[in-house]
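S.K.: Take a look at this one; I'll ask things after.
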Amino acid sequence: MRKDFLPFSRPTVDEDAIADVTACLRSGWLTTGPKTIEFEKMFQEYTGSKYAVAVNSATAGLHLALLAFGIGKGDEVITSPMTFVATVNTIIFAGATPVLADIDQKTLNILPQNIEKKITPKTKAIIPVHFAGRPCDMSAIETIAKKHNLLIIEDAAHAIGAKWQGKKIGLAGAKKATVFSFHPTKNITTGEGGMICLDDEEAAEKLYILRQHGMSKGAWNRYAAKGKAHYDVIMPGLKYNMMDIQAVIGISQLKRLDKFNARRAQIAARYNEAFKNTAGIMIPAPVTQGDTHCWHIYSPLLDTDKLTITRDEFMKLMGAQNIGTALHYLAVHEFSYYQKTYGWKEGDFPAAEYVAKRIVSLPLFTAMTDEDVEEVILTVKEILAKHKK
Ligand SMILES: *Cc1c(COP(=O)(O)O)cnc(C)c1O
């Protein structure tokens, strides 16, 4: 057994980021300012979108994107049951009604045919989630959106650096926004943070205003020498701006993103190779030709029909060997609030339920050593062999 605990995820923060945070703290300017603007510009160049708006979380980003495009009361927004609850909560806080469309059991992404079945005259937007960093079938989703004049907001919390058919996730387009997360488990971090990428100028202008109290643009620097003391409030806004303290970490991280993702891909490939013929575990489906998976998480399914233990028991046994695992996710419709409020129930989304019972995230982060990876493989194989039916 390992002496030290191997977590399922751990951020890699380099010394230069630590020095930059210190410098930012000493500079006297801690909140939204020049560093946030620099990070936005870098992100915009990285994704190829016209605008990048930094916020204090992806949750804030999803909420604001819905508001900026005028989604609200009486509107329906379709998303995946296999996501973090933030996706659904932001739809609710925008005032709209969440509608779920079941996933593809292989890719774990929302199935375009299922989206189409859920469209009503009230449907205004689709939020596809690029699960684990695997791009959704965007051509099918875009075709549906065009046909029904729907907005697309991509939940790209898992997908920083992923590519759909050679195009970076975040590269925008009309009636579209993409939201990224910089939570410490994500492919790059700012502690907490998020980014909204889009091409729509009008919506972008609204986002800058909405993220900071609804104050007219530029009011962020009202305390600086050249700042304006006066500002107007154009609409009621929120307090969702990113701090410069966060942005300097992001700048350092974004420079390393491609290197980070290459290491993640290497680890995922090793896991796939090791588990492809192992009884009791089903490795992630192959990636669609032309797409780039960015391996935010490595989440195989346990073939529990062939095991004497449940997924939860498996996670406990891994923990007993000092190896961390995580659960992404229980299906959204299995939580009590949504069941009470929207009448969702067990059986409504069979593919998501099948996955939610079997999925487990194994350790995957850039600083993992090859020895760490081999230890995980060995431990998984031992546990599965010991509990074969
Ligand atoms: C992490 C995550 C979010 C929320 O991101 P925050 O930055 O923590 O708000 C939203 N959706 C998905 C799919 C996520 O994994």
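Since every read-out is calculated from the coordinates, none of them should be taken as a lab result. Because the structure is a prediction, the values reported are computed rather than measured. We place every Cβ from the backbone using ideal geometry, glycine too, and count neighbours over all the protein chains shown.
S.K.: Given the options ALA367, ALA320, ALA125, which has the most mean-square fluctuation in a GNM of the chain, springs set between C-alpha atoms less than 10 angstrom apart?
M.R.: Between ALA367, ALA320, ALA125, it is ALA320 that shows the largest mean-square fluctuation.
S.K.: Ranked highest first by average number of other Cβ atoms within 10 Å, how do 250-256, 165-171 line up?
M.R.: Highest to lowest by the protection proxy: 250-256, 165-171.
S.K.: What number results when the radius of gyration of the stretch 241-389, computed over Cα atoms, is divided by 2.2 N^0.38 Å?
M.R.: The reported ratio for this selection is 1.21.
S.K.: If we count every other residue with Cβ under 14 angstrom of ALA157's Cβ, Lys/Arg +1 and Asp/Glu -1, where does the sum land?
M.R.: Residues near ALA157 contribute -1 overall.
S.K.: Give the calculated FRET efficiency between LEU30 and ASP258 to the nearest 0.05, with a Förster radius of 45 Å applied to their Cβ-Cβ distance.
M.R.: Computed FRET efficiency for LEU30 and ASP258 comes out at 0.95.
S.K.: Additional query: For the cross-link pairs LYS239/LYS340; LYS316/LYS388; LYS276/LYS306; LYS176/LYS239; LYS316/LYS386, which exceed 19 Å when the distance is taken from alpha carbon to alpha carbon?
M.R.: Result: LYS239/LYS340; LYS176/LYS239 exceed 19 Å.
S.K.: Most fluctuating residue of PRO286, PRO81, PRO363 in a GNM of the chain with Cα springs under 10 Å: which is it?
M.R.: Result: PRO286 has the largest fluctuation of those listed.
S.K.: Output needed for the stretch 171-216: three equivalent-ellipsoid semi-axes, defined as square roots of 5 times the C-alpha gyration tensor eigenvalues, in descending order, whole Å.
M.R.: 22, 16, 5
S.K.: Which listed residue (ALA367, GLY319, SER299) has the Cα farthest towards the positive end of the charge dipole for the stretch 259-369, taking +1 on Lys and Arg C-beta and -1 on Asp and Glu C-beta about the Cα centre?
M.R.: ALA367
S.K.: Right, here's the next one. Which residues does a label at LYS239 reach in the stretch 26-62, if reach means a backbone N under 18 Å from a point 7 Å past the Cα toward the Cβ?
M.R.: Backbone N within reach: 30-33, 55-61.
S.K.: Can you give the extra length, in nm with one decimal, that the chain gains between ALA140 and GLN165 once fully stretched, where that is 0.36 nm per residue apart less the Cα-Cα distance?
M.R.: 7.7 nm
S.K.: To the nearest Å, what is the center-to-center distance of the stretch 317-389 and the stretch 11-35, using C-alpha atoms only?
M.R.: 35 Å
S.K.: Okay, next question. How many nm is it between the label spots at THR310 and ALA279, if each spot is 7 Å from the Cα in line with the beta carbon?
M.R.: Label-label distance for THR310 and ALA279, simple model: 2.4 nm.
S.K.: Another question, if that's okay. What is the distance, in nm, between label points placed 7 Å from the Cα along the Cα-to-Cβ direction at THR22 and at ASP370?
M.R.: The modelled label-to-label distance comes out at 3.4 nm.
S.K.: Any chance you could list P(r) for the stretch 212-263, counting all Cα-Cα pairs in 10 angstrom bins from zero, rounded to whole %?
M.R.: 21, 33, 25, 16, 5
S.K.: Would you mind working out the magnitude of the charge dipole of the chain relative to its Cα centre, with +1 at each Lys and Arg C-beta and -1 at each Asp and Glu C-beta, to the nearest 20 Debye?
M.R.: 300 debye
S.K.: What list of ³J(HN,Hα) values in whole Hz, one per residue of the stretch 6-13 in order, does the Karplus curve 6.51 cos²θ - 1.76 cosθ + 1.60 (θ = phi - 60°) give from phi, with Gly and Pro shown as x?
M.R.: For the stretch 6-13, the Karplus curve yields 9, x, 6, 8, 8, x, 9, 10 Hz.
S.K.: Quick check: convex hull over the Cα atoms of the stretch 254-334, volume per residue in Å³, rounded to an integer?
M.R.: It is 155 Å³ per residue.
S.K.: Now for a separate question. Plugging the Kirkwood radius over Cα pairs into Stokes-Einstein for the chain, at a temperature of 4 °C and a viscosity of 1.567 mPa s, what D comes out in µm²/s?
M.R.: So the translational diffusion coefficient is about 60 µm²/s.
S.K.: Cα axis of helix 244-275 to longest principal axis of the chain: angle in degrees, 0 to 90, nearest 10?
M.R.: So the helix axis and the longest Cα principal axis differ by about 20 degrees.
S.K.: Considering the chain as a Gaussian network with a 10 Å cut-off on Cα pairs, which listed residue, PHE275, PHE69, PHE131, attains the greatest mean-square fluctuation?
M.R.: Comparing PHE275, PHE69, PHE131 in a Gaussian network model of the chain, the most mobile one is PHE275.
S.K.: Another one. Rounded to the nearest 20 Debye, what is the dipole magnitude of the stretch 127-174 about its Cα centre when Lys and Arg each give +1 and Asp and Glu each give -1 at the C-beta?
M.R.: That gives the stretch 127-174 a dipole magnitude of about 160 debye.
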